[in-house]
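Right, one structure below, let's go through it.
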Amino acid sequence: MTIKLVATDMDGTFLNDRGEYDQKRFAKDYAALRQRGIQFVIASGHQAAELATTFSDYPDMWMIGGNGAELWQRAAGLTATTFSPTATQQILTALSAYDDLQIALCGTETVHVLKYADPQFVAKYAAILLSGRDLR
């Protein structure tokens, strides 16, 4: 069996508990993978643009962001699949019938929450987004 691709999640898998990784070791490992023709892919709930900044030293690396909604590689640019504004509103309207539900729909540049979202949920989510941590 020939390995062509290695993919990893960021939080709790690739990154340590402090949200860091051994950059010197990874540089060696990444070079060895590329030398063997193996693609290394980062997959995360984080936005692809954020991942691209974190891995700016690796312009040929592919990144899957936004929990699968975004695909990024520096040479190829960003490809994102998002709901239309109408679909987003329909989703939020349908979900608003559930009083206990707290939801954030994330796009490449926006986050939508229910009109009557709990302010504590919104504040917590905003703090997480600003810190760069994953919501999990």
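For I3, the test of being open to solvent by 80 Å² or more (accessible area, probe 1.4 Å) and over 27 Å from V111 (Cα atoms) is passed. Would you confirm whether any residue within the stretch 48-65 is touching a helix residue (DSSP H, G or I) at 6+ places or on another chain (Cβ under 8 Å), of a type in the set (D, E) and in a strand (DSSP E or B)? Within the stretch 48-65, none of the residues are touching a helix residue (DSSP H, G or I) at 6+ places or on another chain (Cβ under 8 Å), of a type in the set (D, E) and in a strand (DSSP E or B). Yes or no: the stretch 31-49 includes at least one residue that is open to solvent by 80 Å² or more (accessible area, probe 1.4 Å), of a type outside the set (A, V, I, L, M) and either closer than 30 Å to A104 by Cα or within 12 Å of the chain's Cα centre (by Cα) (or both). The answer is no, given that none of the residues of the stretch 31-49 is open to solvent by 80 Å² or more (accessible area, probe 1.4 Å), of a type outside the set (A, V, I, L, M) and either closer than 30 Å to A104 by Cα or within 12 Å of the chain's Cα centre (by Cα) (or both). Of the residues A49, A32, which is in contact (Cβ under 8 Å) with a residue 40 or more places away in the chain and either of a type in the set (G, A, S) or within 30 Å of V113 (Cβ to Cβ) (or both)? Step by step, each of A49, A32 is checked, and only A49 is in contact (Cβ under 8 Å) with a residue 40 or more places away in the chain and either of a type in the set (G, A, S) or within 30 Å of V113 (Cβ to Cβ) (or both). Quick check: anything in the stretch 81-99 surrounded by 15 or more Cβ atoms within 10 Å (Cβ to Cβ), charged (D, E, K, R), assigned to a loop (DSSP other than H, G, I, E, B) and in contact with a Phe, Trp or Tyr (Cβ under 9 Å, 6 or more places away or on another chain)? No, there is no match, as no residue in the stretch 81-99 is surrounded by 15 or more Cβ atoms within 10 Å (Cβ to Cβ), charged (D, E, K, R), assigned to a loop (DSSP other than H, G, I, E, B) and in contact with a Phe, Trp or Tyr (Cβ under 9 Å, 6 or more places away or on another chain).
Tell me the residue from G45, G77 that is within 30 Å of Y30 (Cβ to Cβ) and in contact with a Leu (Cβ under 7 Å, 6 or more places away or on another chain), please. From the options G45, G77, the qualifying one is G45. Scanning the stretch 62-81 for residues that are at pLDDT 85 or above and at positive phi returns no hits. In the stretch 6-22, the qualifying residues are those that are polar (S, T, N, Q) and over 20 Å from Q35 (Cα atoms), and the one that is least open to solvent (accessible area, probe 1.4 Å) is N16. All conditions but one from (1) surrounded by 11 or more Cβ atoms within 10 Å (Cβ to Cβ); (2) of a type in the set (D, E, K, R); (3) over 18 Å from the mean Cα position of the chain (by Cα) apply to R25; the one that does not is (1).
The criterion of being out of contact with any strand residue (DSSP E or B) (no Cβ under 7 Å at 6 or more places or on another chain) and either within 24 Å of F83 (Cβ to Cβ) or modelled with pLDDT under 90 (or both) holds for G45. Is it true that some residue in the stretch 1-17 is small (G, A, S) and either without any contact (Cβ under 8 Å) to a residue 24 or more places away in the chain or in a loop (DSSP other than H, G, I, E, B) (or both)? No - not one qualifying residue is present in the stretch 1-17.
The values are calculated or read from the model by the stated rules, or taken from the named source; none is laboratory data. Fair warning: this is a prediction, and the values are worked out from it, not measured in the lab. As a convention, Cβ positions derive from the backbone with ideal geometry for all residues, glycine included, and neighbour counts pool all protein chains shown. Please note that ligands, DNA and RNA were not included when accessible areas were found on the heavy atoms of the full protein model with its side chains. Shrake-Rupley method; radii C 1.70, N 1.55, O 1.52, S 1.80 Å.
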